[in-house]
Amino acid sequence: MRPLIHWLSGPAEPRSFPYSVVLEEFHRTGKHFVGKGFLAMLDSARRAVTSRAADDGDAATRQLTAFLDVALDKWDGRYDYCSYLALRLLRLPCGSDDPTPAAMAGRQSRDRLLVRLVADALAFELAAAARTTDFLPQERPGSAVVAKRCRLGVRAVTAPLTRLGLAQAVGTGTPASTAADVHAVARDLVFPGDPSLRLTMLPVHVTHDEYLFIRVLQSYECLFAAIADELRAAVAALAGAAPGTAADRLGYACDLLRAAGPLFSLLATMQPQSFRTFRQYTEGASAIQSRSYKLIESLCRRPEADRLESVAYQSVPEIQARVRDGQPTIEQTYRSAVADGRLSGAEGVLVARRMAAFAGALMQWRRTHLRLATRMLGMRSGTGYTEGTPYLAAVSATPVFTP
Ligand code: HEM
């Protein structure tokens, strides 16, 4: 506590904020159990930093403000999916005022972040197995599970590593050694200004598997954001002078989603009893609030009125508003391009095929998600205020494009 008191009594310089001390305090008990006195001090830190922000909106101030928003979400009573996963700190979409600095745009930066997130999850598994960390000490998995996690994690990043031209840096040794290779590669993928991952891990409890849960969700958010970028570009292409180029975008989006399959397998190694332990404290944070997922869905085609007005879209008000405002979709721009004669012949067939392939990949994602949720959750209700798996079963059959 002392370094924080010391910082508060000085000029509250964001660059010298004692992040390590704060992280240590949060990690000792889990975010849900951090003492009120400590949170009150962080609240004072936030006031100090906010009063500076008007004239000093530099990167250090922005980072500290975003970190304190994540740390104080439960204190403020606005804990949700975005703050649980620290999406703003990761510079992933999470609200109407999304930070999208130039550095985050583009396929490569998404691939780099994805590799870093998975590599970090594997590094934690290895450190816990080697007993070199006492972070999240409850319900540590056995060595067979750790080896399986390493194998699946390495598989989950094979595609992005290949795209980055770095696949050969990962050897063919034991699961632990290949995971260590991925971690070594990931260290070199940090560019100036990239988000610091250690600030984006604030579990609610002290159960080991929550680390994996958070990193896998963050990895999917990174992928969803990348897929949404491709679909937006596909819509623009279909509405423009070269509609055939939408096929490339749809193909890339489909490859991203299919190649991410091992992420679900990785999460399936989570111990159901561990999940049930920490989820007692995640009420209110649910991926039903994933803005990027609903953007993907609504960019394919306009959701039916009952879905648009349901909890599915009430949980992402800015996407709901965009749809109501007539956000153009792939389905609609494709039909117009065909009707206008701008898209025909082999090009038209290829776009249609890629649309069908993407729809297949998304339906597959939904089926796998439903299986995993059923395994982990049984008939318990969701943390996003739905009845749980019955909701997922009902929505998983919704067509991606109008049949
Ligand atoms: C232990 C694993 C998981 C369980 C038990 C689970 C459970 C659920 C449940 C019950 C819902 C319904 C909303 C609610 O009431 O919360 C839901 C929605 C959702 N989940 Fe998961 N989930 C898991 C993993 C994941 C992962 C790794 C992702 C990837 C980001 C994900 C993405 C989503 C999305 C996008 C929705 C919204 C679907 C829609 O509204 O159509 N889930 N999940």
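Since every read-out is calculated from the coordinates, none of them should be taken as a lab result. Note that this is a predicted model, so its numbers are computed, not measured. Don't worry about glycine lacking a Cβ; one is built from the backbone with ideal geometry, like all the others, and counts go over all protein chains shown.
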>> Can you tell me which lysines have their Cα less than 27 Å from the Cα of Lys74? Leave out same-chain residues fewer than eight positions away.
In response: Lys31, Lys36, Lys294
> Computed FRET efficiency, Cβ-Cβ of Met1 and Ser143, R0 35 Å: what is it to the nearest 0.05?
Replying inline: 0.40
>> Can you classify the stretch 2-78 as rounded, prolate or oblate using the Cα gyration tensor, where a ≥ b ≥ c are the square roots of its eigenvalues, rounded means a/c under 1.5, and otherwise it's prolate if a/b beats b/c and oblate if not?
In response: prolate
> Rounded to the nearest 500, what is the chain's calculated 222 nm mean residue ellipticity when only DSSP H runs of at least 4 contribute -39500 (n - 2.57) each, over all residues?
Replying inline: -19000 deg cm²/dmol
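For Ser219, Ser51, which order do you get if you count the other beta carbons within 10 Å of each Cβ and list the fewest first?
Ser51, Ser219
Mind checking the dipole of the stretch 280-403: about its Cα centre, +1 per Lys or Arg Cβ, -1 per Asp or Glu Cβ, Debye to the nearest 20?
It works out to roughly 380 debye.
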> About its Cα centre, what dipole magnitude does the chain give when the only charges are +1 on Lys and Arg Cβ and -1 on Asp and Glu Cβ, stated in debye to the nearest 20?
Replying inline: 800
> Quick one: if you stick a label point 7 Å off each Cα along the C-beta vector at Arg107 and Gln364, how many nm between them?
Replying inline: 1.9
>> Rounded to the nearest angstrom and ordered from largest down, what semi-axes does the equivalent ellipsoid of the chain get from its C-alpha gyration tensor (root of 5λ)?
In response: 36, 25, 22
> So for the pair Ala352, Ala127, with labels modelled 7 Å out along Cα→Cβ, what separation do we get in nm?
Replying inline: 5.3
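Quick check on the stretch 160-293: take the gyration tensor over C-alpha atoms, sort the square-rooted eigenvalues as a ≥ b ≥ c, and tell me if it's rounded (a/c under 1.5), prolate or oblate.
oblate
Report the calculated FRET efficiency for Asp248 and Ser9 (r = Cβ-Cβ distance, R0 = 60 Å), to the nearest 0.05.
About 0.60, to the nearest 0.05.
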> Taking other Cβ within 10 Å of each residue's Cβ, how do Arg301, Arg215 sort, fewest first?
Replying inline: Arg301, Arg215
>> Order 366-376, 153-163 from most to least packed using the mean count of other Cβ atoms within 10 Å.
In response: 153-163, 366-376
> Once both labels are modelled 7 Å past Cα along the beta-carbon direction, what's the Val395-Arg78 spacing in nm?
Replying inline: 2.3
>> Is the C-alpha gyration tensor of the stretch 128-234 telling us rounded, prolate or oblate? Criteria: a/c under 1.5 is rounded; beyond that, a/b larger than b/c is prolate, otherwise oblate.
In response: oblate
>> Using Cβ counts within 10 Å as a stand-in for footprinting exposure, how do Lys31, Lys36 rank, fewest first?
In response: Lys36, Lys31
> What cysteines in the chain have no other cysteine with a beta carbon less than 4.7 Å from their beta carbon?
Replying inline: Cys150, Cys222, Cys254, Cys300
